[in-house]
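The values are calculated or read from the model by the stated rules, or taken from the named source; none is laboratory data. Being a predicted model, the structure only gives us computed values, none of them experimental. Every residue, glycine as well, gets a Cβ built from its backbone with ideal geometry; the counts of neighbours run over all protein chains shown. Note: areas computed on protein heavy atoms with side chains; ligands, DNA, RNA excluded. Shrake-Rupley method; radii C 1.70, N 1.55, O 1.52, S 1.80 Å.
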Amino acid sequence: MAGHHICRRHPLDDAVADIALAKRPDTPDANPRAVREACRRLLTLGCITNIGPGLGVCRVADRSNGLLKLRKFFEMFSDFHTAYFLGSIYKNSARFFKDLKRVIIRITVIHIEDVARLYDLKDGAQAPSIGELMQYCAGVGAKRLPRGAAWTSLAIFQKLQTSKEGIAKRGSLSVDAAHKDYIIEYMTGIEQFMGVDLAVDKLSGTELTDAEVDMVETQHMPAWLHRMVSFPGIGEPPFDLLSIKNMSVAEDDIFDVNAAFEIPGPGMFAI
């Protein structure tokens, strides 16, 4: 079927000719509709460029070169979303300052290492308020807790990284202080690979302005574009942006999304 040839490798793909594909999309057992949808998403994200009629033939775009480099050298980047987010450093290398790059690297590694392994609610505990969370937090993320789990996780990690007293037994959260060592190990390796100097001061070396925080989120949102949920506001159920189907929010979420619904406004988006 012609659909099986969507997104096939093209001779122009010289930039990634040395990187083997685990599974070519034009194999006989490929689902043509699934491949077409995958190509549409990759085109939307700027990962591939169409060089043929329709979606007949595509080639890897410049945006993907950084992703493929990461995938080649780090097995942890089997997840597309995290690789795309981290790959924004390559795309914006001249525009992003080192502090901003460090924050992107830290958030990426925390995503990869699984937030639930760093901290979780204690059995039977309710989701803490923003004020309660502050005792676990430090650094750039501590000032942005209302922005969601990515900044909250970064803030908790930076508290663990800089606190001598430990925070594992406080309040309603259970925090694995030892898990920060895995994050630091991966974080350091990626910084060295990407040519980002290690921060002399763990907190000031990742401090960002509000404009720079917005730049991080501008890169963060597209990475999970096809896993976005819209929260329209008070009285309206959240829904998946791709399927437009209604969704529910887990009651044991660390970040109390339901409380955020009570704040008047136009609503919000979440990953």
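Ignoring everything but the protein chains, give the 1.4 Å probe accessible area of ASP181 in square angstrom, nearest 10.
Near enough 90 Å² of accessible area.
How far, in nm, would the chain grow between THR49 and ASN246 when pulled straight, counting 0.36 nm per residue and subtracting the alpha carbon separation?
67.6 nm
Quantify, in whole percent, the carbon and sulfur part of the accessible surface of the stretch 135-234 (1.4 Å probe; protein heavy atoms only).
Carbon plus sulfur share of accessible area: 52 percent.
By the scheme Lys and Arg +1, Asp and Glu -1, what is the net charge of all other residues having a beta-carbon under 9 Å from that of ILE183? Display every interim value, and only then the final one.
On the way: positive: ARG106, LYS180; negative: GLU113, ASP181, GLU185.
So the environment of ILE183 carries a net charge of -1.
Report the gain in length on full extension from ASP176 to ALA94: 0.36 nm times residue separation, minus Cα-Cα distance, nm rounded to one decimal.
Working it through step by step, the gained length comes to 25.9 nm.
Looking at the stretch 99-219, what % of the alpha carbon pairs are farther apart than 24 Å?
21 percent
At a probe radius of 1.4 Å, what is the per-residue accessible area of SER248, in Å² to the nearest 10?
Spelled out: SER248, probe radius 1.4 Å, area about 110 Å².
In what order, largest first, do GLU132, GLU191, GLU185 sit by accessible area if the probe radius is 1.4 Å?
Values: GLU132 95, GLU191 0, GLU185 125 Å².
Result, largest first: GLU185, GLU132, GLU191.
Filter the trypsin sites (Lys or Arg not before Pro) in the stretch 42-101 down to the DSSP loop ones having no more than 13 other Cβ atoms within 10 Å, then list what survives.
ARG95
Given the whole protein assembly as supplied and a 1.4 Å probe, what does the accessible area of MET76 come to in Å², nearest 10?
That residue has around 40 Å² of solvent-accessible surface.
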